[in-house]
Amino acid sequence: MGLRKVTRGRKKRLQDSEPASRNYRFTILSAASICVLLALFSLVAWKACNRPTTVGMDYEGVIVDRWAGYVESELGARPYFRLLIEDNKRGRITVSIDADTYHRAQVGMRVSRRKGKVELGNQQTMPR
C-alpha cells in the first residue's frame, strides 16, 4: 500500500509539470513565429522604400543613368528601357521610355516630358 501512494504522487507531479512545459513551448514557438513575420515584413518594406519610383507624369531634369533589361512571360521576353533622372531639387526618379529615345539618350543630357512627349536636350550638367 505504501508503494502505491509513492507512485501515485510521482505520476501526479509529472502530470502537473507537463502543462507548464507545453505552455512554455507554445510561448517560445509563438514568439519565434512573430519574430520571423516581423523580419519578413521589415525586409519587404525596406525593399519597397528603397526602390526608385517610376513616374508616368511630366518631368524635367538631367539623365544620371540609363539601363535596359528583359521581362519574361509565358509569351516570351520583351525589352524594357529606363532612365534615372535627377530633377532641379536633386530628387531622383526612374522613368520608362521607348527604344528610340533610349538609344538617343546619353548620361548628362537634359530630358523633359510635357503632355506625353519626351524631349532630349543638349548635354548639360546641372549646377551643383
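The values are calculated or read from the model by the stated rules, or taken from the named source; none is laboratory data. Quick caveat: nothing in here was measured; it's all calculated off a predicted structure. Note that we place each Cβ from the backbone using ideal geometry, even for glycine, and neighbour counts take in every protein chain shown.
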Item to check | Per-region count, the stretch 96-113, residues in contact with a strand residue (DSSP E or B) (Cβ under 8 Å, 6 or more places away or on another chain) and either farther than 11 Å from ASP65 by Cα or aromatic (Phe, Trp, Tyr) (or both) | outcome: 11
Checklist outcome for this item: Residue pairs within 8 Å by beta carbon, gap of at least six or interchain, first lying in the stretch 91-104 and without any contact (Cβ under 8 Å) to a residue 24 or more places away in the chain and over 14 Å from PRO79 (Cα atoms), second surrounded by fewer than 17 Cβ atoms within 10 Å (Cβ to Cβ) and not basic (Lys, Arg), listed first then second, are ARG104/LEU120
Checklist outcome for this item: Here, strands (runs of 3 or more DSSP E) confined to the stretch 30-102 with at least 1 residues that are at pLDDT below 85 are 59-73
Item to check | Positions within the stretch 1-29 being at pLDDT below 65 and among the aliphatic types (A, V, I, L, M), in sequence order | outcome: MET1, LEU3, VAL6, LEU14
Next on the checklist: If I ask for residues that are among the polar types (S, T, N, Q) and more than 27 Å from the chain's Cα centre (by Cα), which ones from the stretch 88-117 would you list?
Outcome noted: THR101, GLN106, SER112
